[in-house]
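Colleague: Handing you a structure now.
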Amino acid sequence: MIRCLIADDEPLALDLIEGYIRKIPFLELVARCSSALATLAVLEKENIDLLILDIQMPELSGMELAGMLGNGPKVIFTTAFEQYAIRGYKVDALDYLLKPISFEEFLAAANKARNWFNNARPKSVNENEQNRIIIKSDYKLLQINTSRILFIEGLKDYVKFYLEDEEKPILSLMSMKSLEEKLHPDHFMRIHRSFIVNLDKIKTIERSRIIFGKHYLPVSDKYKEKFGEFIAKRFFT
């Protein structure tokens, strides 16, 4: 996850970028600020990876703030004025977005940031091992390759793992929330309070339901927009 902070003195601009961030699974919004000084206060307390930073702000401009960061967070600039673009790249900004900003433009900048962080960060053990998880079931520890998972069903304090080539699901005592945090967001998505699906295994969708053999999984209203964006990107682009 890339931990983000938005800084802009226009509330509508903050709302727009916040909405975009919440649509992108690998971005996490930590804070939103209406001035560079408020941004500095947050940076003293929080670990921020990426600033989405408006250039023209009161007291201290976004460009001046970026010049103070040194080896701190990376920056994506936003502004209504095209003449700042060259200066933006002089402070090593990842991207420069000219208002009004479309979701497609913001997504492209976010992907550029993800590529930068993927190349800049050393691979940790957890990242290298994201293709498998270890669970406890029937007093045994089982290692599951996540590529075998079709979908996961939540049942109060338990979850059921439905795997390829397995007739019966595997039952384990754990929460859907903790499990969701372990699974790679590029491959798994929550579609309902009770279901997480392997996006790479989806073959059939019928009337807002994903079909895995005899199982029909509903996509709830809460997740329909996010899932619809995935479908549009995966199958129609």
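Colleague: List pairs: first in segment 146-175 and loosely packed, with under 12 Cβ neighbours inside 10 Å, second assigned to a strand (DSSP E or B), Cβ under 7 Å, 6+ apart or cross-chain?
Modeller: D157/L173; L173/K136; L173/Y158
Colleague: Restricting segment 180-212 to residues that are free of Cβ contacts under 8 Å to residues at least 40 places away in the same chain and under 17 Å from R132 (Cβ atoms), which is surrounded by the most Cβ atoms within 10 Å (Cβ to Cβ)?
Modeller: E180
Colleague: Moving to a separate point now. Is it true that S137 is hydroxyl-bearing (S, T, Y), farther than 21 Å from H215 by Cα and surrounded by 13 or more Cβ atoms within 10 Å (Cβ to Cβ)?
Modeller: Here the answer is yes, as S137 does meet what is asked.
Colleague: Regarding S172, is this residue touching a Ser or Thr at 6+ places or on another chain (Cβ under 7 Å), outside the structural domain of F103 (by TED's automatic domain parsing) and among the hydroxyl-bearing types (S, T, Y)?
Modeller: Against the criterion (touching a Ser or Thr at 6+ places or on another chain (Cβ under 7 Å), outside the structural domain of F103 (by TED's automatic domain parsing) and among the hydroxyl-bearing types (S, T, Y)), S172 qualifies.
Colleague: Please find, within segment 197-216, the residue that is nearest to L150 (Cα to Cα) out of those that are over 23 Å from the mean Cα position of the chain (by Cα) and charged (D, E, K, R).
Modeller: K203
Colleague: Let me ask something else. Within segment 1-17, track down each residue that is closer than 18 Å to K74 by Cα and surrounded by 15 or more Cβ atoms within 10 Å (Cβ to Cβ).
Modeller: Matches in segment 1-17: I2, R3, C4, L5, I6, A7, D8, I17.
Colleague: Kindly establish whether H215 is in contact (Cβ under 8 Å) with a residue 12 or more places away in the chain, within 13 Å of I152 (Cβ to Cβ) and surrounded by fewer than 17 Cβ atoms within 10 Å (Cβ to Cβ).
Modeller: yes
Colleague: Another question, then. Across segment 93-120, which residue is modelled with the highest pLDDT among those that are farther than 17 Å from A7 by Cβ and part of a loop (DSSP other than H, G, I, E, B)?
Modeller: S102
Colleague: Same structure, new question: Would you point out the residue of segment 68-92, among those that are outside any strand (DSSP E or B) and at pLDDT 80 or above, that is surrounded by the most Cβ atoms within 10 Å (Cβ to Cβ)?
Modeller: Here the answer is P73.
The values are calculated or read from the model by the stated rules, or taken from the named source; none is laboratory data. Not measured: the values here are computed from a predicted model. For neighbour counting, all protein chains shown are included, and Cβ atoms are generated from backbone atoms with ideal geometry for every residue, glycine included.
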